[in-house]
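**Student:** Attaching a single structure in structure tokens format; questions to follow.
The values are calculated or read from the model by the stated rules, or taken from the named source; none is laboratory data. Everything numeric here is computed off the predicted structure, so don't read it as measured data. Here the Cβ positions follow ideal geometry from the backbone for every residue, glycine too, while neighbour counts run over all protein chains shown. Quick note on the areas: whole protein, heavy atoms, side chains included, nothing else; ligands and nucleic acids left out. Shrake-Rupley method; radii C 1.70, N 1.55, O 1.52, S 1.80 Å.
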Amino acid sequence: MSTYVSSVSSLAAMKQNPLKRKRNDEITEEKLILMTTHKENDEHEHTKPSPPSWEILCLVGPYMDPETLAVASCVSTTWSKCFSSEDLWKLLPATRHSIFYKAITKEGTKPAWLSYKRLISEAESAAKRRRNNQPAEPKISLSDLVFIVHVSAGLKEAVVVKQGKDLVFGSNDRFQIEADVSDSGFTADMKDVSMSWNVVLRNYERMFLISDTVIKSLDSKIGWFTDELPATKNRYCDGSNLVGEVKPCFNEEVLDKVVFAIADSRNWKSLFVDDVLRYLQCFLID
């Protein structure tokens, strides 16, 4: 009986106060919105995108370099199967190592034991070893150097200064210095002609005598080689194997110019510019 009376009293109170009833309805609706929002956020946070299919990775693979492919194949068993596929690796030799690719496919067959992955790995290793054996870039340039040529015989003398910055060489040109001595009166019949070739670093910070030789007779149309040049502590440590190369040029019987170069006595070919710079820097800055 008391419960019934309490319920009736509550209904009566709500009818008497409609504003309170409206406020309760708003609170209930707000709770429902908040609960729905939290549920959607939770679902969004716990939703993970599905992983891409391995076929897509195979499409990306051809755009990777061999080193990246090799690393990718070590991530997991699944990745190993994907990135070690012969269909994936056989696309690389044709573009990166066409010589090997043409060699193994010349007869239309490939040894069963030779995988494309192994072929690429060996070819890349060979290329890397060659790159590692390449000499480092020179630490000096021609613009850092001044070359001084001195020629003397009896009372006659010529001093020629050549600024390295004024020397121009093509990519396939070998290094040489041309000294114009046409005004000095040297003739082909002169004996015991002294020739020296010096190089100076910038503002005479360091100097190096490359060659100092005495020529018994200038009467030579093909030139001559000097004694072996000083050895260095780099790849020439077992003896430089380098010699000075001198070529006289005559205008009739008058010595017009002298051409100096550095040659390797193992093949008697003059050196390229970078090789000369690597040699000289051992005496000028190393």
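**Student:** Could you list all residues from the range 147-159 that are surrounded by fewer than 18 Cβ atoms within 10 Å (Cβ to Cβ) and assigned to a strand (DSSP E or B)?
**Tutor:** 150, 152, 156, 157, 159
**Student:** Would you confirm whether any residue within the range 178-191 is over 21 Å from residue 275 (Cβ atoms), at pLDDT 90 or above and of a type in the set (Val, Ile, Thr)?
**Tutor:** yes
**Student:** Next question, about the same structure. Taking the range 176-193 only, how many residues are assigned to a strand (DSSP E or B) and open to solvent by less than 10 Å² (accessible area, probe 1.4 Å)?
**Tutor:** 3
**Student:** Does residue 196 fit the bill of being touching a residue at least 12 places away in the same chain (Cβ under 8 Å) and either under 19 Å from residue 256 (Cβ atoms) or part of a strand (DSSP E or B) (or both)?
**Tutor:** yes
**Student:** Quickly run through the range 136-173 and pick out the residues that are of a type in the set (Phe, Trp, Tyr) and out of contact with any helix residue (DSSP H, G or I) (no Cβ under 6 Å at 6 or more places or on another chain).
**Tutor:** The one that is of a type in the set (Phe, Trp, Tyr) and out of contact with any helix residue (DSSP H, G or I) (no Cβ under 6 Å at 6 or more places or on another chain): 147.
**Student:** While we're on this one: How many of the residues in the range 199-224 are loosely packed, with under 14 Cβ neighbours inside 10 Å, within 38 Å of the chain's Cα centre (by Cα) and in a strand (DSSP E or B)?
**Tutor:** Residues that pass the stated criteria total 3.
**Student:** Can you name every residue in the range 112-134 that is over 17 Å from residue 67 (Cβ atoms), modelled with pLDDT of 70 or more and open to solvent by 50 Å² or more (accessible area, probe 1.4 Å)?
**Tutor:** Passing the criteria: 112, 113.
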